[in-house]
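Novice: Right, I'll just put the structure down here and ask away after.
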Amino acid sequence: MHNGNDIFFFYQWNAATENNSVADYPIFADAIAMEIPLFTEESILCMGAMDKPVNIIFWRADLPVPENIVAGGMGTPQISPDEASQNIRHYQKWKDGIWDVIITRPMAAGSENQVSFVRGKNYRIAFAYWKGGAYAERGGHKIVSEWQYLSIR
Amino acid sequence: MPVQKQVRMVADLNKCLGCHTCTMACKTMWTDRNKGQMHMYWNNVETRPGKGYPKDWETQGGWFNTKDKNSILLASINEGYGTPWEYNYDQVLKTNGGDASESVSESVLTPSPRPSGNAYASNWDEDVGEGTFPNSYYFYLPRICNHCSDPPCVDACPRQAVYKRKEDGIVLVDQKRCRGYRYCIKGCPYKKIYYNPEEKISQKCIFCYPRIEQHKGNLCATQCVGRIHHVGFADDTASGAYKLVNIWKVALRLHPEFKTEPNVFYIPPLSPPVYSPQLTEDQRIPVEVLANLFGDTSDQTHDQRVERIKEIFRIIRTEREKVAKGERSELIDILIPHSEADRIKV
């Protein structure tokens, strides 16, 4: 959903427990991410490639704000260093076994480290989900989707 | 993992008096920056036999022996490492008129927060040891990261945030690359990587690399009042560390069966004779206990380790006797270093 200036992604899923902390060695937090090729139409699903980098929006339940990440291959993801691209906001709530997470950012890219969402354009998008708590999912230990399509009308 | 040089440390356990000066030197230098580092002792001294720090680290496993890597335990801070507490020194020591005017509870040192549940600390079982009087025994084991030649923490990290420096073989966690996955903590069988829950990243002993770069010893070694450490590069034939490991062959690796090729070596401790009912030839610290800890290589059997430790004791005793008779001994000269330059050559 978008209002011409900002785009909103709404996620809702079942989660028996609210895992919103990483405050001790065995404690891991729930997380979700979306991945979109940064400037090519397609890319490699697994963190992109050197010449086909990907832009990732990463939400984790313990983080103050979601992170804007760029990656150019396995093992390379990093939080984009410029402040302009760390423009993502969110709303999160866990209640009665259900996570509600809304992630929003300006449609226009804050910098070259971010995808611009343009009306009428189609994007490839992939999703990832990490189950925290006792499942201790983090890093490559996650559930990923195949490439999906995102059409901005 | 080819490196150009490899730092090595030898710790002579015969001289370790368990004063924790190395621990405190390390703590004040590196890990008193924020709340997330309170439970961390990059250098710790544990009593052996004992549970160690973190609690029961020897049985937690690592990349080398565990097929299901997710099953490797990550101990919690309170129960595995210890939640640090403060004492009410002000209340007890700085009162007017002393204890008489204070209630009992105010005149007794009490920890705050009080250790609760299955609380633990880095020296929880200090000086407990084993055996019964008059043959009870224990010794101290100072531990830092082993800066292994085949470091499983490096292999465990999917982000290449943990790396081994080519110039000196020091293993470091890139604090900007680390995402706090804690695979390295699982990978390390010595449990010498710590998790900072405030910074949400892993941190570890850096072998005082800024000092090594200036050809100064790491602080645990330079501050040691017992002068138990010898630090040098593995290929520096003039260093005491090289001579103890390669020439005199009196230093062993801690748990070489972990297959990581640790670069911290230990001279196993001799101990007083067993009294039963007279003094006997046996040492109070059973060689079998030492052989459970120390050895040369991963493929050595327990019996071979026992023989090696006995051989080391023979060498040290022979050389000590030489000196007692007024003769010179190169080994004893190395073991009684007269200056820091004798012990530390980096």
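Novice: Please work out which residue is farthest from residue B:78 (Cα to Cα), limiting yourself to the stretch A:51-64 and to residues that are within 14 Å of chain B (Cβ to nearest Cβ) and assigned to a loop (DSSP other than H, G, I, E, B).
Specialist: Step by step, filter the stretch A:51-64, then rank; the result is A:64.
Novice: Output the number of residues of the stretch B:191-212 satisfying the condition of being over 27 Å from residue A:21 (Cβ atoms) and in contact (Cβ under 8 Å) with a residue 24 or more places away in the chain. If you could, list the steps in order and put the result at the bottom.
Specialist: Of all residues in the stretch B:191-212, those over 27 Å from residue A:21 (Cβ atoms) come to B:206-212.
Right, trim to in contact (Cβ under 8 Å) with a residue 24 or more places away in the chain and you get B:206-209, B:212.
Summing the residues that are over 27 Å from residue A:21 (Cβ atoms) and in contact (Cβ under 8 Å) with a residue 24 or more places away in the chain in the stretch B:191-212 gives 5.
Novice: Tally the residues that are among the polar types (S, T, N, Q) and surrounded by fewer than 18 Cβ atoms within 10 Å (Cβ to Cβ), restricting the search to the stretch A:93-135. Walk me through it before giving the result.
Specialist: We begin by selecting, within the stretch A:93-135, every residue among the polar types (S, T, N, Q); these are A:104, A:111, A:113-114, A:116, A:122.
Subsequent filtering for residues that are surrounded by fewer than 18 Cβ atoms within 10 Å (Cβ to Cβ) retains A:111, A:116, A:122.
Residues flagged as among the polar types (S, T, N, Q) and surrounded by fewer than 18 Cβ atoms within 10 Å (Cβ to Cβ) within the stretch A:93-135 amount to 3.
Novice: If only one of B:247, B:309 is surrounded by fewer than 17 Cβ atoms within 10 Å (Cβ to Cβ), modelled with pLDDT of 95 or more and at negative phi, which one is it? Please lay out each step first, then the result.
Specialist: Details: B:309 fails: surrounded by fewer than 17 Cβ atoms within 10 Å (Cβ to Cβ).
It is B:247.
Novice: Could you tell me which of the residues B:195, B:120, B:163, B:138 is under 28 Å from residue A:72 (Cα atoms) and touching a Ser or Thr at 6+ places or on another chain (Cβ under 9 Å)?
Specialist: Values: B:120 fails: under 28 Å from residue A:72 (Cα atoms); B:163 fails: touching a Ser or Thr at 6+ places or on another chain (Cβ under 9 Å); B:138 fails: under 28 Å from residue A:72 (Cα atoms).
Matching residue, one of B:195, B:120, B:163, B:138: B:195.
Novice: Give me the residue from the stretch B:1-47 that is of a type in the set (A, V, I, L, M, F, W, C) and assigned to a helix (DSSP H, G or I) and, out of that set, surrounded by the most Cβ atoms within 10 Å (Cβ to Cβ). Explain how you work it out, then say what you get.
Specialist: Here is the first cut: in the stretch B:1-47, the ones of a type in the set (A, V, I, L, M, F, W, C) are B:1, B:3, B:7, B:9-11, B:13, B:16-17, B:19, B:22, B:24-26, B:29-30, B:38, B:40, B:42, B:45.
Adding the requirement that they be assigned to a helix (DSSP H, G or I) leaves B:22, B:24-26, B:29-30.
Details: B:22: 28, B:24: 17, B:25: 19, B:26: 25, B:29: 17, B:30: 18.
Going through the qualifying residues, I end up with B:22.
Novice: Let me ask something else about it. For residues that are assigned to a helix (DSSP H, G or I) and more than 27 Å from residue B:188 (Cβ to Cβ), scanning just the stretch B:66-94, find the one that is farthest from the other protein chains (Cβ to nearest Cβ).
Specialist: Taking the stretch B:66-94 and keeping what is assigned to a helix (DSSP H, G or I), we get B:69-71, B:77-81, B:89-93.
Okay, now just the ones that are also more than 27 Å from residue B:188 (Cβ to Cβ), so B:89-93.
Details: B:89: 28, B:90: 29, B:91: 30, B:92: 31, B:93: 33 Å.
Within the stretch B:66-94, the match that is farthest from the other protein chains (Cβ to nearest Cβ) is B:93.
Novice: How many of the residues in the stretch A:74-109 are part of a loop (DSSP other than H, G, I, E, B), more than 16 Å from the chain's Cα centre (by Cα) and away from chain B (no Cβ under 14 Å)?
Specialist: Qualifying residue count for the region: 4.
Novice: Separate question: For residue B:265, all conditions in the list (1) within 26 Å of residue B:212 (Cβ to Cβ); (2) in a strand (DSSP E or B); (3) in contact with an Asp or Glu (Cβ under 6 Å, 6 or more places away or on another chain) hold save one; what is the number of the exception?
Specialist: Single failed check for residue B:265: (3).
Novice: If the requirement is being more than 14 Å from chain A (Cβ to nearest Cβ), buried (at least 18 other Cβ atoms within 10 Å of the Cβ) and modelled with pLDDT of 95 or more, which of these qualifies: B:193, B:185, B:212? Quick ask: steps written out before the conclusion?
Specialist: Working: B:193 fails: more than 14 Å from chain A (Cβ to nearest Cβ); B:185 fails: more than 14 Å from chain A (Cβ to nearest Cβ).
Result of the check over B:193, B:185, B:212: B:212.
Novice: Can you tell me which residue is farthest from residue A:37 (Cα to Cα) among those in the stretch A:122-144 that are among the aromatic types (Phe, Trp, Tyr) and within 14 Å of another protein chain (Cβ to nearest Cβ)?
Specialist: Taking the stretch A:122-144 and keeping what is among the aromatic types (Phe, Trp, Tyr), we get A:123, A:127, A:129-130, A:135.
Within this subset, residues satisfying the condition of being within 14 Å of another protein chain (Cβ to nearest Cβ) are A:130, A:135.
Values: A:130: 21, A:135: 29 Å.
Only one residue tops the list, namely A:135.
Novice: Restricting to the stretch B:279-307, give me the number of residues that are in contact with a Leu (Cβ under 7 Å, 6 or more places away or on another chain) and in a helix (DSSP H, G or I). Steps first, answer last, please.
Specialist: If we filter the stretch B:279-307 for residues that are in contact with a Leu (Cβ under 7 Å, 6 or more places away or on another chain), which is where we start, we get B:283, B:293-296.
Filter once more, keeping what is in a helix (DSSP H, G or I): B:293.
The qualifying residues number 1.
Novice: Moving on to the next point. Here is a check on your reading of the model: is residue B:82 modelled with pLDDT under 95, surrounded by 19 or more Cβ atoms within 10 Å (Cβ to Cβ) and within 30 Å of residue B:210 (Cα to Cα)? Break it down stepwise before answering.
Specialist: Values: modelled with pLDDT under 95: yes; surrounded by 19 or more Cβ atoms within 10 Å (Cβ to Cβ): yes; within 30 Å of residue B:210 (Cα to Cα): yes.
So residue B:82 fits the description; yes.
Novice: Checking the condition of a type in the set (A, V, I, L, M) and under 30 Å from residue B:184 (Cα atoms), which residue from A:98, A:56, A:125, A:103 passes?
Specialist: On the way: A:98 fails: under 30 Å from residue B:184 (Cα atoms); A:125 fails: under 30 Å from residue B:184 (Cα atoms); A:103 fails: under 30 Å from residue B:184 (Cα atoms).
A:56 is the lone residue from the list that is of a type in the set (A, V, I, L, M) and under 30 Å from residue B:184 (Cα atoms).
Novice: Pairs please, first residue from the stretch B:227-238 and more than 25 Å from residue B:21 (Cβ to Cβ), second anywhere and part of a strand (DSSP E or B) and among the small types (Gly, Ala, Ser), Cβ atoms under 9 Å, 6+ apart in sequence or on different chains.
Specialist: From the stretch B:227-238, the pairs are B:238/B:232.
Novice: Okay, next question. Quick one: what pairs do we get from the stretch B:53-73, first residue in contact (Cβ under 8 Å) with a residue 40 or more places away in the chain, second hydroxyl-bearing (Ser, Thr, Tyr), C-beta under 6 Å, 6+ apart or different chains?
Specialist: Matching pairs, first to second residue: B:53/B:122; B:54/B:81; B:55/B:120; B:72/B:66.
Novice: Can you tell me which residues in the stretch A:23-50 are out of contact with any Phe, Trp or Tyr (no Cβ under 6 Å at 6 or more places or on another chain), within 14 Å of chain B (Cβ to nearest Cβ) and within 30 Å of residue A:112 (Cβ to Cβ)?
Specialist: Selection gives A:29, A:46, A:47.
Novice: Given the options A:3, A:20, name the one that is polar (S, T, N, Q), farther than 18 Å from residue A:149 by Cα and within 14 Å of another protein chain (Cβ to nearest Cβ).
Specialist: On the way: A:3 fails: within 14 Å of another protein chain (Cβ to nearest Cβ).
Of the residues listed, the single one that is polar (S, T, N, Q), farther than 18 Å from residue A:149 by Cα and within 14 Å of another protein chain (Cβ to nearest Cβ) is A:20.
Novice: Please verify whether the stretch A:9-16 includes one or more residues that are farther than 30 Å from residue B:57 by Cα, touching a residue at least 12 places away in the same chain (Cβ under 8 Å) and touching a Pro at 6+ places or on another chain (Cβ under 9 Å).
Specialist: Step one: of the stretch A:9-16, the residues farther than 30 Å from residue B:57 by Cα are A:9-16.
So of that shortlist, the ones also touching a residue at least 12 places away in the same chain (Cβ under 8 Å) come out as A:9-16.
Okay, now just the ones that are also touching a Pro at 6+ places or on another chain (Cβ under 9 Å), so none.
There is no residue in the stretch A:9-16 that is farther than 30 Å from residue B:57 by Cα, touching a residue at least 12 places away in the same chain (Cβ under 8 Å) and touching a Pro at 6+ places or on another chain (Cβ under 9 Å).
Novice: Now, a different point. When only residues in the stretch A:28-43 that are β-branched (Val, Ile, Thr) and in contact (Cβ under 8 Å) with a residue 24 or more places away in the chain count, which is surrounded by the most Cβ atoms within 10 Å (Cβ to Cβ)?
Specialist: At the first step, the residues of the stretch A:28-43 found to be β-branched (Val, Ile, Thr) are A:32, A:36, A:40.
Okay, now just the ones that are also in contact (Cβ under 8 Å) with a residue 24 or more places away in the chain, so A:32, A:36.
Numbers: A:32: 22, A:36: 19.
Per the stated criteria, the residue is A:32.
Novice: Which of (1) within 12 Å of chain A (Cβ to nearest Cβ); (2) buried (at least 22 other Cβ atoms within 10 Å of the Cβ) does residue B:174 not meet, given it meets every other one?
Specialist: (2)
The values are calculated or read from the model by the stated rules, or taken from the named source; none is laboratory data. Predicted, not measured: the structure shown is a model, and the values here were computed from it. Cβ sites come from the backbone with ideal geometry, for glycine too, and all protein chains shown count toward neighbours.
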